[in-house]
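**Q** Following this message is one structure expressed as structure tokens.
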Amino acid sequence: MTPSAPRIGTCVYCSREIRQTGPGRTRIYCNTACSSAAKRRSSNSERTNETRKVAEDIRWHAEQLLAAAQDDAPLQEHRLHCDAIRTALEAHEAAAVAAARNRGQTWAEIGAVVGLTTDAARHRWNATRHQGAMARHQQRTGQWAAQHGTATAPSEETPPQPVYPGLPPGIYVRETEDGDAGLHGPSLNQLSLALSHLQRASGRSLRDLADAIDCSASYLCRVLSGERKPSWRVVERLASACGGHPEDLQVLWREASGLEPLPQWREDSAVRAFHASIRGLHLAASRAPAEDICAGAKELDPNEVASLIHGEDILDWPTVSRVIRQLRGQPGRILPVWKAAMTKNEQDA
């Protein structure tokens, strides 16, 4: 009987050739070493993502805590965020230790970092305790969503539901396969939403717009979907090509780019800059009506909100802050320009 020709494949880990004869399942690794290394790499990636997600939850709750302090919110709201942060910190520590273990660090090395003995470190962060910390964090996140029914921390598997019908659900894109930084939270997502709304409102096709701003249609598609973070030059060109105003997107772009909040504005331009900031957030919300923005916020008056989003008035900070939060923005990013705008208004009064 003539022996069958060998099956030739490639190891998915090291890319070496695999020659396999006889029956049996086709091998994807050339040896057990490659198989174990591939599993470790997959586990390392999982642990890294786990740590990153919990860290994003901590950042989100910290930002909400800052907003609550600026709004002089009730004690209950402060306590909810503080409890969530405490639970998330415990989960983050456990996830970071698990990631270190996957990278090959010994319990002795981990213990030396945190000031514990080898046995104490192993006992404190064993697999059971790690799973328990993550479970408590997920439970706390679920409690927050159940009590509020609106925005939640960005690491949840299900994107948060909109505060009002005009705001699409959040899309939290992580790192893309080519290593490009994608969306990591509401600010980056809002820039994408604002640009997408401008494109739809303009009625222009992606290819037409791509030609107008001198880029490829595929790149523009990834910008609008949130998979690529555009430069300010691209944002300016895109906004202008769609008939919008680039200055309306400055706050969203600066925050999406990880830059500091808006700089100190000259008083003669502060009013214009403030209204542009509000228009940008409103744009990301698909220019929802004032009545929809006020949904779920009984303290807001639709007429006042309409005057704010249409640039007719500058309201008191507690009201402005609530509107910004309803629009999924960060009040602390706009507070400096609001102060400058109020100073200008008082001088002109």
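**Q** Glu247: of a type in the set (Asp, Glu), part of a helix (DSSP H, G or I) and within 17 Å of the chain's Cα centre (by Cα), yes or no?
**A** Working: of a type in the set (Asp, Glu): yes; part of a helix (DSSP H, G or I): yes; within 17 Å of the chain's Cα centre (by Cα): no.
For Glu247, the condition - of a type in the set (Asp, Glu), part of a helix (DSSP H, G or I) and within 17 Å of the chain's Cα centre (by Cα) - is not met.
**Q** Contact list please: Cβ distance under 8 Å, first residue in the stretch 22-41 and closer than 18 Å to Arg7 by Cβ and modelled with pLDDT under 75, second residue of a type outside the set (A, V, I, L, M) and assigned to a helix (DSSP H, G or I), pairs at least six apart or on different chains.
**A** From residues that are closer than 18 Å to Arg7 by Cβ and modelled with pLDDT under 75, the pairs are Tyr29/Ser35.
**Q** Please go through the stretch 301-315 and pick out each residue that is outside any loop (DSSP other than H, G, I, E, B) and among the charged types (D, E, K, R). Talk me through it step by step, then tell me what you get.
**A** Step one: of the stretch 301-315, the residues outside any loop (DSSP other than H, G, I, E, B) are 302-309.
Across the stretch 301-315, the qualifying residue is only Glu304.
**Q** Regarding Arg19, is this residue at pLDDT 75 or above and either touching a strand residue (DSSP E or B) at 6+ places or on another chain (Cβ under 7 Å) or not in a helix (DSSP H, G or I) (or both)?
**A** Values: at pLDDT 75 or above: yes; either touching a strand residue (DSSP E or B) at 6+ places or on another chain (Cβ under 7 Å) or not in a helix (DSSP H, G or I) (or both): yes.
Answer is yes for this residue.
**Q** Same structure, new question: Looking at Ala135, is it among the small types (Gly, Ala, Ser) and touching a residue at least 40 places away in the same chain (Cβ under 8 Å)?
**A** On the way: among the small types (Gly, Ala, Ser): yes; touching a residue at least 40 places away in the same chain (Cβ under 8 Å): no.
For Ala135, the condition - among the small types (Gly, Ala, Ser) and touching a residue at least 40 places away in the same chain (Cβ under 8 Å) - is not met.
**Q** Okay, moving on. So in the stretch 268-300, with the set limited to residues that are touching a helix residue (DSSP H, G or I) at 6+ places or on another chain (Cβ under 8 Å) and of a type in the set (Asp, Glu), which one is nearest to Glu236 (Cα to Cα)?
**A** Asp268
**Q** Would it be correct to say that Glu50 is within 30 Å of Gln138 (Cβ to Cβ) and modelled with pLDDT of 75 or more? Show your work before the answer.
**A** On the way: within 30 Å of Gln138 (Cβ to Cβ): yes; modelled with pLDDT of 75 or more: yes.
Here the answer is yes, as Glu50 does meet what is asked.
**Q** Checking Glu255 against (1) acidic (Asp, Glu); (2) modelled with pLDDT under 90; (3) more than 16 Å from the chain's Cα centre (by Cα), only one condition comes out false. Which one?
**A** The number of the failed condition is (3).
**Q** Moving on. Kindly check whether there is at least one residue in the stretch 259-273 that is part of a helix (DSSP H, G or I) and within 30 Å of Glu227 (Cα to Cα). First the steps, then the outcome.
**A** Filtering the stretch 259-273 down to residues part of a helix (DSSP H, G or I) leaves 267-273.
With the extra rule that they be within 30 Å of Glu227 (Cα to Cα), the set shrinks to 273.
Yes: one or more hits.
**Q** Residues that are closer than 30 Å to Gln330 by Cβ and either at pLDDT below 75 or outside the structural domain of Ala295 (by TED's automatic domain parsing) (or both), at least 1 per element: which helices (runs of 4 or more DSSP H) completely within the stretch 61-175 meet that? Before the answer, list the steps.
**A** Numbers: elements: 75-102, 107-114, 118-124, 127-148.
Once the helices (runs of 4 or more DSSP H) in the stretch 61-175 are filtered for at least 1 residues that are closer than 30 Å to Gln330 by Cβ and either at pLDDT below 75 or outside the structural domain of Ala295 (by TED's automatic domain parsing) (or both), what remains is 75-102, 127-148.
**Q** Now for a different question. Quick check: is even one residue across the stretch 316-335 basic (Lys, Arg), exposed (fewer than 15 other Cβ atoms within 10 Å of the Cβ), in contact with a helix residue (DSSP H, G or I) (Cβ under 9 Å, 6 or more places away or on another chain) and outside any helix (DSSP H, G or I)?
**A** Looking for residues that are basic (Lys, Arg), exposed (fewer than 15 other Cβ atoms within 10 Å of the Cβ), in contact with a helix residue (DSSP H, G or I) (Cβ under 9 Å, 6 or more places away or on another chain) and outside any helix (DSSP H, G or I), one finds none in the stretch 316-335, hence no.
**Q** Still on this structure, I have one more. Report yes if some residue within the stretch 284-300 is part of a helix (DSSP H, G or I), surrounded by 18 or more Cβ atoms within 10 Å (Cβ to Cβ) and under 19 Å from the mean Cα position of the chain (by Cα); otherwise report no. Reasoning before the result, please.
**A** Residues of the stretch 284-300 part of a helix (DSSP H, G or I): 284, 290-293.
From what is left, the residues that are surrounded by 18 or more Cβ atoms within 10 Å (Cβ to Cβ) are 284, 290, 292-293.
Those left that are additionally under 19 Å from the mean Cα position of the chain (by Cα): 284.
For the stretch 284-300, residues part of a helix (DSSP H, G or I), surrounded by 18 or more Cβ atoms within 10 Å (Cβ to Cβ) and under 19 Å from the mean Cα position of the chain (by Cα): present.
The values are calculated or read from the model by the stated rules, or taken from the named source; none is laboratory data. Treat the numbers as computed from the prediction; the structure is a model and nothing was measured. In this analysis, Cβ positions are derived from the backbone assuming ideal geometry, glycine residues included, and neighbour counts consider all displayed protein chains.
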